[in-house]
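Structure first, then comments.
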Amino acid sequence: MIDFSIPAELAAERDRVRRFVIDKIVPFERDPRLTAHGPTDELRQELVELAREEKLLTVQAPEALGGRGLSHLEQAVIYEAAGWSTLGPIAMNCAAPDEGNMFLLSKVANPEQIERHLAPMIAGRHRSVFAMTEPDGAGSDPAQLATTATFDGENFTVNGRKWLITGANGAKTWIIMARLAENPHLPAGPTLFLTDGDQPGIVIERTMNTMDRNYVAGHGVVRFDNLTLPQSALLGDAGQALRYAQLRLAPARLTHCMRWLGAAERAQSIAVQHARTRTAFGKPIGEHEGVSFMLADNEIALHQCRLTIWHACWLMDQGEKARHESSIAKSYVSEELFKVADRCVQVLGGIGISDETVVEMIFRDIRAFRLYDGPTEVHKYAIGRKVLRG
């Protein structure tokens with residue numbers, strides 16, 4: 001039997017999160033520290049302290065590490081509420097890339113790495129990056145990884161160039177993917193390394209100008225110039241980076257969907273209020289069929305997106321990998337939520353393309369979401385292959 005009910009305790013926590021975001025976080029959307037490159041780290045720290053006071057910080061972390069150990073379905077409900085403001089997940093320390101990195105480290109890191117890197121991240125003290133994407137190499141196809149690592153039996157030496165590295169400026173924990181060369185000591189192939197961000201050899205060349213502005217410190221271009229790391233920097237097993245990346249990316253796709261569903265709901269609520277009060281041709285514009293149909297299409301899309309997310313989360317909570325279902329969710333939800341945001345801009349008319357409301361920012365950020373953790377076309381390719389295999 002299918003049960004779509006939300007337990008009373010979870011519903012109450014959802015409402016508490018939404019109220020926290022509305023009352024404490026939304027006012028910061030006009031803060032000058034929300035820059036064209038995203039929130040500054042100073043703003044992030046201030047927001048984190050507000051969530052800490054409300055005991056809403058990093059609630060998704062395992063209980064053994066100080067969190068509440070939320071299931072995937074519980075995360076879907078809470079993250080949607082947090083996403084009402086693009087600053088909400090940042091305050092609650094469940095925004096990308098930190099949320100996905102914490103998940104990965106909780107599964108792969110050894111006790112020493114957990115103490116040095118994961119614990120401060122869960123406490124909201126450290127930010128992190130996942131350095132995989134490259135200008136001419138790894139991206140949608142991580143097998144094209146061009147960054148190299150050599151190992152002499154004691155130290156790794158990493159060289160290469162990355163870009164679109166979210167939050168690179170000021171991040172204290174770095175997860176780096178590089179292709180380990182053949183050596184007599186360890187298996188070769190794509191490998192993950194875990195290190196501090198202030199290491200000599202990590203060179204942040206610049207921050208890229210992008211259309212989105214919801215990630216702390218924006219997206220950086222980074223060069224590894226003979227970055228020397230000890231053997232203790234190895235994250236997990238050598239040669240297993242692509243497997244670990246999938247371990248991280250399947251749930252991360254869904255958490256993106258959860259957060260942006262909340263933002264799209266916010267845009268819809270603003271459009272609905274406008275349609276009730278703005279008049280044209282003798283009546284509120286919401287009473288005109290052209291506008292009411294757009295709002296109806298939005299409501300349908302929001303409902304379908306939520307169900308798609310919940311189903312994939314439910315499967316993962318049953319112990320399934322749900323890679324197929326998470327790909328379906330990522331491709332469908334990202335496309336539908338972009339349409340929702342676009343229709344909200346249309347309903348708002350002239351003010352929809354201005355910063356009089358947050359809708360134009362949500363519109364731009366959701367457009368970028370269609371590319372996060374794999375563009376729609378890559379997910380559809382994977383979905384199609386599975387369909388053909390039967």
Cα lying deepest toward the dipole's positive end in the chain, options 358, 220, 235, charges on Cβ: 358
C-alpha center-to-center spacing [the range 161-206, the range 32-109] in angstrom: 23
Debye, to nearest 20: dipole size of the range 278-389, +1 on Lys, Arg Cβ, -1 on Asp, Glu Cβ: 520
Taking the chain and dividing mean pair separation by its residue count, relative contact order in percent (alpha carbons under 8 Å, at least six apart): 16
Choice from 297, 152, 196 showing the highest fluctuation, given a GNM over the chain with Cα pairs closer than 10 Å: 152
Size of electric dipole in the range 347-390: Cβ of Lys, Arg +1 and of Asp, Glu -1, about Cα centre, debye, nearest 20: 580
Angle between the chain longest axis and helix 8-20 axis [Cα atoms, degrees, rounded to 10]: 90
The range 101-132: trypsin sites (Lys or Arg not before Pro) falling in loop per DSSP and having at most 14 other Cβ within 10 Å: 125
Helix 98-108 vs. the chain, principal-axis angle (Cα, 0 to 90°, nearest 10): 40
Accessible area of the chain belonging to carbon and sulfur atoms, whole % at 1.4 Å probe: 53
Test item: Cα-centred dipole of the chain, Lys/Arg +1 and Asp/Glu -1 on Cβ, debye: 520
DSSP-loop trypsin sites (Lys or Arg not before Pro) across the range 11-92, with at most 12 other Cβ within 10 angstrom: 55
Spherically averaged projected area in nm², based on the convex hull that wraps the Cα atoms of the range 133-259: 7.8
The chain: angle of helix 41-53 to the longest principal axis, Cα-based, in degrees nearest 10: 70
Contact order normalised by residue count of the range 90-136, Cα under 8 Å, 6+ apart, percent: 43
Count, lysine Cα pairs under 21 Å in the chain, 8 or more residues apart or across chains: 11
Å² per residue, accessible surface of the chain at 1.4 Å: 45
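The values are calculated or read from the model by the stated rules, or taken from the named source; none is laboratory data. As the structure is a computational prediction, the values presented were derived from the model and not from experiment. Heads up, the Cβs are rebuilt from the backbone with ideal geometry, glycines too, and the neighbour counts pull from every protein chain shown. In case anyone asks, the SASA skips ligands and DNA or RNA and just uses the protein heavy atoms, side chains included. Shrake-Rupley method; radii C 1.70, N 1.55, O 1.52, S 1.80 Å.
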